[in-house]
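S.K.: Mind looking over this structure? Questions follow.
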Amino acid sequence: MNFPVPLDEYPIHQTPLSLGRVASSDRNFYDRCYFNAHDRAGGTMLITGFGIYPNLGVRDAYAAVRRGDTQHAVRFSDALTTRDLDQRVGGYRIEVLEPLQRIRIVCEHEDLGFDLTWTGSFPAVQEQPHLILNGSRPIIEASRFAQLGTWSGTLAVGGTDLTVTPDLWLGSRDRSWGIRPVGEAEPPGRAADEPAGGFWWLYVPLRFEDFAIVVIVQENPDGFRTLNDAVRIWPDGRIEQLGWPRVHIEYRSGTRIPVAARLDLTAADGKPLELEIRPHTFTALHIGCGYGGDPDWTHGQWKGRDWSLSSTYDLTDPAVAGRVPWGVIDHVAQARCGDAEGWGLFEHASVGRHDPTGFADWMSVAP
């Protein structure tokens, strides 16, 4: 027997279905959020998020903190029994204090804990639709919004208590929903014989004193651009499109780890706008955060009821370091745009072939 869920009390329906169900029957439907926090170049970086997977019946969350060469991670997972406004699992919860402006996140775990409040510095911006096809089937088909802001509160990790203040702690966040690979892996089918050959992705949300910039570039192995989104957000809500970014990345020799980047943008008046970026400390999202390729746990995976896992990673361990290149990596980014200095995120994945960069195959690295 079907029952209404608490969300059905609100006039927000978009289909004839109860909000206990989603319009798509795709097992990979998801709805989740992502946050990062960092003390600029100080060496501490937090990545955290929460998601629900209605067609898998799962809800989960993760948090990972890198300090120096050590990364601490905790994950929580449980059954999704009903859909409502309560975003919590295990010792983790998210409270929306003011929609699109102030969010409180609490993680209660003896190995990693925090009570942090996010405050948006600029309005949230809706990104261009995200779409990746495998033949004619969408692998990713999602909507997402992003925001730049600051953090306040407390963070406890590795036996150290940190006070988080908005004058030092910055970050970005996004919320996305739609379809992307989650849970247990599906049979690869035709893709096993005819793989894409590579994945190239760049996501750069940056916060300056007077404006924010969000750049997204996604390309096929031959360099054909499948997602291009570059905007400048002003405090009064104006959104300025910044054209077709030209991306120049310098990689550390023998790796695909970026050490510097330049993005050539175009302002609304047609004048060039140049971003100079210096990546700092990083977190690989597939080491402890549950993103694609994480062998310990992945988003939406059924782990049973009331499950949690705590792990500590030594990033100097060859077994751990060897996993870093094979996924999406989030770097703390220091940036300059004209006379303005800013901070934010330099998220990058270069896996497999990418002709514009000169990477011919999966094992290619910078000279």
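The values are calculated or read from the model by the stated rules, or taken from the named source; none is laboratory data. It should be emphasised that the depicted structure is a prediction, and the values quoted were computed from it without experimental measurement. Positions of Cβ are generated from backbone atoms using ideal geometry, with glycine treated the same way; all protein chains shown enter the neighbour counts. Note: accessible area is taken over every heavy atom of the protein model, side chains too, but ligands, DNA and RNA are not part of it. Shrake-Rupley method; radii C 1.70, N 1.55, O 1.52, S 1.80 Å.
S.K.: If you check ARG305, ARG336, which single one turns out to be under 25 Å from VAL215 (Cα atoms) and surrounded by fewer than 17 Cβ atoms within 10 Å (Cβ to Cβ)?
M.R.: When all the criteria are applied, what remains is ARG336.
S.K.: Still on this structure, please answer the following. Looking at segment 209-232 only, could you name the residues that are of a type in the set (A, V, I, L, M, F, W, C) and either within 17 Å of ALA142 (Cα to Cα) or in contact with a Leu (Cβ under 8 Å, 6 or more places away or on another chain) (or both)?
M.R.: Within segment 209-232, ALA212, ILE213, VAL214, VAL215, ILE216, VAL217, LEU227, ALA230, VAL231 meet the criteria.
S.K.: Further, regarding this structure: How about segment 316-333: which of its residues are more than 26 Å from TRP151 (Cα to Cα), part of a loop (DSSP other than H, G, I, E, B) and open to solvent by 30 Å² or more (accessible area, probe 1.4 Å)?
M.R.: Listed by number, the residues that qualify are THR316, ASP317, GLY322, ARG323, PRO325, TRP326.
S.K.: Of the numbered conditions (1) touching a helix residue (DSSP H, G or I) at 6+ places or on another chain (Cβ under 9 Å); (2) without any contact (Cβ under 8 Å) to a residue 60 or more places away in the chain; (3) closer than 25 Å to GLU240 by Cβ, GLN101 satisfies every one except a single condition; which is it?
M.R.: Evaluating GLN101 over (1) touching a helix residue (DSSP H, G or I) at 6+ places or on another chain (Cβ under 9 Å); (2) without any contact (Cβ under 8 Å) to a residue 60 or more places away in the chain; (3) closer than 25 Å to GLU240 by Cβ leaves (1) as the failure.
S.K.: Further question: Filter segment 102-135 down to the residues that are out of contact with any Ser or Thr (no Cβ under 7 Å at 6 or more places or on another chain), in a strand (DSSP E or B), at pLDDT 95 or above and surrounded by fewer than 17 Cβ atoms within 10 Å (Cβ to Cβ) and list them by number.
M.R.: Listed by number, the residues that qualify are VAL106, GLN126.
S.K.: Against the condition over 22 Å from the mean Cα position of the chain (by Cα) and either of a type in the set (Val, Ile, Thr) or open to solvent by less than 60 Å² (accessible area, probe 1.4 Å) (or both), how does LEU17 come out, does it pass?
M.R.: yes
S.K.: Within segment 267-283, count every residue that is in a strand (DSSP E or B) and over 15 Å from ARG252 (Cβ atoms).
M.R.: Residues flagged as in a strand (DSSP E or B) and over 15 Å from ARG252 (Cβ atoms) within segment 267-283 amount to 6.
S.K.: Among the candidates ARG88, ARG27, ARG75, single out the residue that is over 19 Å from ARG104 (Cβ atoms) and either of a type in the set (Phe, Trp, Tyr) or not in a loop (DSSP other than H, G, I, E, B) (or both).
M.R.: Of the residues listed, the single one that is over 19 Å from ARG104 (Cβ atoms) and either of a type in the set (Phe, Trp, Tyr) or not in a loop (DSSP other than H, G, I, E, B) (or both) is ARG75.
S.K.: I'm trying to understand the selection: among the residues of segment 233-253, which are under 18 Å from ASP269 (Cα atoms) and either open to solvent by less than 30 Å² (accessible area, probe 1.4 Å) or aromatic (Phe, Trp, Tyr) (or both)?
M.R.: Residues satisfying the conditions are ILE233, TRP234, GLU240, LEU242, TRP244, PRO245.
S.K.: Of all residues being open to solvent by 30 Å² or more (accessible area, probe 1.4 Å) and touching a residue at least 24 places away in the same chain (Cβ under 8 Å) in segment 257-280, which is farthest from ARG246 (Cα to Cα)? Just the residue, please.
M.R.: Among those residues, the one meeting the criterion is HIS280.
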